[in-house]
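**Student:** If you scroll down you'll find the structure; I have some questions about it.
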Amino acid sequence: MAERQLIGVVGGGQMGSGIAQLAAVAGFHVLLYDSNADVLVRANSSISSSIRRLVSKGQLSQSASDDAMKNLKFAQNLEDFRDADVIIEAIVESEVVKKTLFLELDKIAKVSAILASNTSSISITRLASTTSRPSQVIGMHFMNPPPIMKLIEIIRGADTSDAVYATVKSLAERLGKTVICSQDYPGFIVNRILMPMINEAFYTLYTGVATKEDIDTGMKLGTNHPMGPLELADFIGLDVCLSIMNVLHEGLGDSKYSPCPLLVQYVDAGRLGRKKGIGVYSYQKEPAKLKP
Ligand code: NAI
C-alpha cells in the first residue's frame, strides 16, 4: 500500500473517530467526515485527548503525536474525498443509508480508489452492487475501540478482487492489526458468534433468570470474558446490536436469531448504551449533592 497514502473516513462516531486516529498515528494522511458537524467537533477533541493520553503514558513520542494531529484533516463534504486512495465508511448500521452513501462515493472517488465498509453485519456484495466498481469494494471490520483492539476482520464481497484484498490486508497490517478473512454472510465471523450471545444475555435478563449484574459477573468470572455481555452491549451501542440481530434474523432465516423484546424496547426508548449515558446500565453522573 506504499502508493496509497490518503485515507478517507466517513462517519465520525465512536468507530470512525477511532479509525481516523489509528490511521493518523500510523502515518497516513486522513480525512474525516460526518454529516453532523457537531460530531466532527467532538471527534476532534476526543482524538486529541486520546493522543495526549498515549503521550502521557509513554506510548507515543511528542513529535509522533504532533505528526499524527497534522495528518488529520476534517472534510467539509464528500467532494473532498476525490483524491482519497481508500475510503472507509463507518456510518450508521443501515443498509439503505450505506447504499446511498456508496452510490455517492462511487461518483466522487477516483477510479482507482477502494471503498471499504466497517459494517458489522451488512452484505458487502449488496453495498458493492450500488457502485460501478464492485471488485474494489470490501469489508474492513475494525473492533471497538479501533486504536486498541488487535483485530481487523476483512470481508470479501462476491466480486472483490484478489489485488484489492491484498492491498487492504497490507493496510490493516500497517495499522498494526492481525487480519482474519470472512466470506460475505450475515454477521461474518465475529458478530455471527458474539451477537447471539449478547441477545441471549438480554433474554436471560428479560425472563427474570438473574439480575444484570449477576449475568455480567457470571460471564466475566465464569468464562473469563473481560466484559460481561450486557456491559459489552452498552459499549457497542444497543442500536448497533439490534441492527446486527435483525441482519442475522433476516439473512439466516432462523428464529434463534430473533432479537430479544427487551433489547428492542431499550432501543425504542432511546437507551442506546454508553453513548447516550443510559442503556442496560446508567452512566449518568450523580447530580451534585449540596454541602450541608
Ligand atoms: P455511531 O452512531 O457512533 O456513529 C455513526 C456516525 O455516522 C454518526 O456520527 C452519524 O452522524 C454519522 N452518519 C450517519 N449517516 C451519515 C452519512 N450519510 N454520511 C456521513 N455520516 C453519517 O456508530 P458507530 O458505533 O461508530 O458505528 C458505525 C459503524 O461501525 C456501523 O456500521 C457499526 O455497525 C460499525 N461497527 C460498530 C462497532 C461498535 O462497537 N459500535 C464495532 C465495529 C463496527
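A short reminder: the numbers here are calculations on the coordinates, not readings from a lab. Only a predicted model underlies this, so the values are computations on that prediction, with no experimental measurement involved. All Cβ positions, even for glycine, are placed from backbone atoms using ideal geometry, and neighbour counts span all protein chains on display.
**Student:** Could you pull out which residues in region 200-239 have an amide N less than 16 Å from a spot 7 Å beyond the Cα of SER282, following the Cα-Cβ vector?
**Tutor:** Under cut-off, by backbone N: 212-213.
**Student:** Over the residues of region 1-122, compute the C-alpha Rg and express it relative to 2.2 N^0.38 Å.
**Tutor:** Against the empirical 2.2 N^0.38 Å value, I get 1.04 for region 1-122.
**Student:** In whole Hz, what ³J(HN,Hα) sequence does region 146-157 give by Karplus (6.51, -1.76, 1.60; θ = phi - 60°), x for Gly and Pro?
**Tutor:** So the Karplus estimates, Gly and Pro as x, are x, x, 9, 5, 8, 10, 10, 9, 9, 10, 8, x Hz.
**Student:** Could you work out the percent of alpha carbon pairs in region 1-68 separated by over 13 Å, rounded to a whole number?
**Tutor:** 62 percent
**Student:** So what's the chain giving for Rg/Rh, alpha carbon basis, Kirkwood Rh from the mean inverse pair distance?
**Tutor:** 0.98
**Student:** Test of understanding: what is the full-extension gain from ASN36 to SER258, defined as 0.36 nm times their sequence separation minus their Cα-Cα distance?
**Tutor:** Taking 0.36 nm per residue and subtracting the Cα distance, the gain is 76.7 nm.
**Student:** To test your reading of the geometry: what angle, between 0 and 90 degrees and rounded to tens, separates the Cα axis of helix 95-108 from the longest principal axis of the chain?
**Tutor:** That helix lies at roughly 10 degrees to the long axis.
**Student:** Follow-up. Using Cα positions and a limit of under 25 Å, work out the lysines in reach of LYS276, with same-chain residues fewer than 8 apart set aside.
**Tutor:** Hits, sequence-local ones excluded: LYS98, LYS212, LYS220, LYS285, LYS289.
**Student:** Note down, for region 191-276, the three equivalent ellipsoid semi-axes (square root of 5 times each alpha carbon gyration tensor eigenvalue), biggest first, whole angstrom.
**Tutor:** Semi-axes (√(5λ), whole Å): 19, 15, 12.
**Student:** What does the extension gain come out to for TYR185 and GLU79, with contour length at 0.36 nm per residue minus their alpha carbon separation?
**Tutor:** Answer, rounded to one decimal: 35.0 nm.
**Student:** Modelling each spin label as a point 7 Å along the Cα-to-Cβ direction, I'd like the ILE193/VAL96 distance in nm, to one decimal.
**Tutor:** Label-label distance for ILE193 and VAL96, simple model: 3.4 nm.
**Student:** On to the next question. I'd like the trypsin sites (Lys or Arg not before Pro) in region 147-205 restricted to DSSP loop residues with at most 11 other Cβ atoms within 10 Å, sorted by number.
**Tutor:** Answer in residue order: LYS150.
**Student:** Return the long-range amide H neighbours of GLU89 (sequence gap of 5 or more, or a different chain), with a cut-off of under 5 Å between placed amide H atoms.
**Tutor:** Distant-sequence amide H within range of GLU89: VAL10, ALA116, SER117, ASN118.
**Student:** I would also like to ask the following. For the pair SER170/THR223, report the inter-label distance in nm, with labels modelled 7 Å from Cα in the Cβ direction.
**Tutor:** Here the answer is 3.9 nm between the modelled labels.
**Student:** Okay, next question. Which of the listed residues, LEU101, ILE122, ALA68, is farthest toward the dipole's positive end in the chain, when Lys, Arg count +1 and Asp, Glu count -1 at the beta-carbon?
**Tutor:** ALA68
**Student:** Please report, in debye to the nearest 20, how large the charge dipole of the chain is about its Cα centre when each Lys and Arg carries +1 at its beta carbon and each Asp and Glu carries -1 there.
**Tutor:** 760 debye
**Student:** Helix 238-252: angle to the longest alpha-carbon principal axis of the chain, degrees 0 to 90, nearest 10?
**Tutor:** Taking Cα atoms only, the helix is inclined about 80 degrees.
**Student:** Where in region 26-76 are there trypsin sites (Lys or Arg not before Pro) that are in a DSSP coil and have at most 16 other Cβ atoms within 10 angstrom of their Cβ?
**Tutor:** Answer by residue number: LYS57.
**Student:** Going by alpha carbons, how many degrees (0 to 90, nearest 10) lie between the helix axis of 162-174 and the longest principal axis of the chain?
**Tutor:** Computed tilt is about 70 degrees.
**Student:** How do CYS260, CYS241, CYS181 line up, fewest other C-beta atoms within 10 Å first?
**Tutor:** CYS181, CYS260, CYS241
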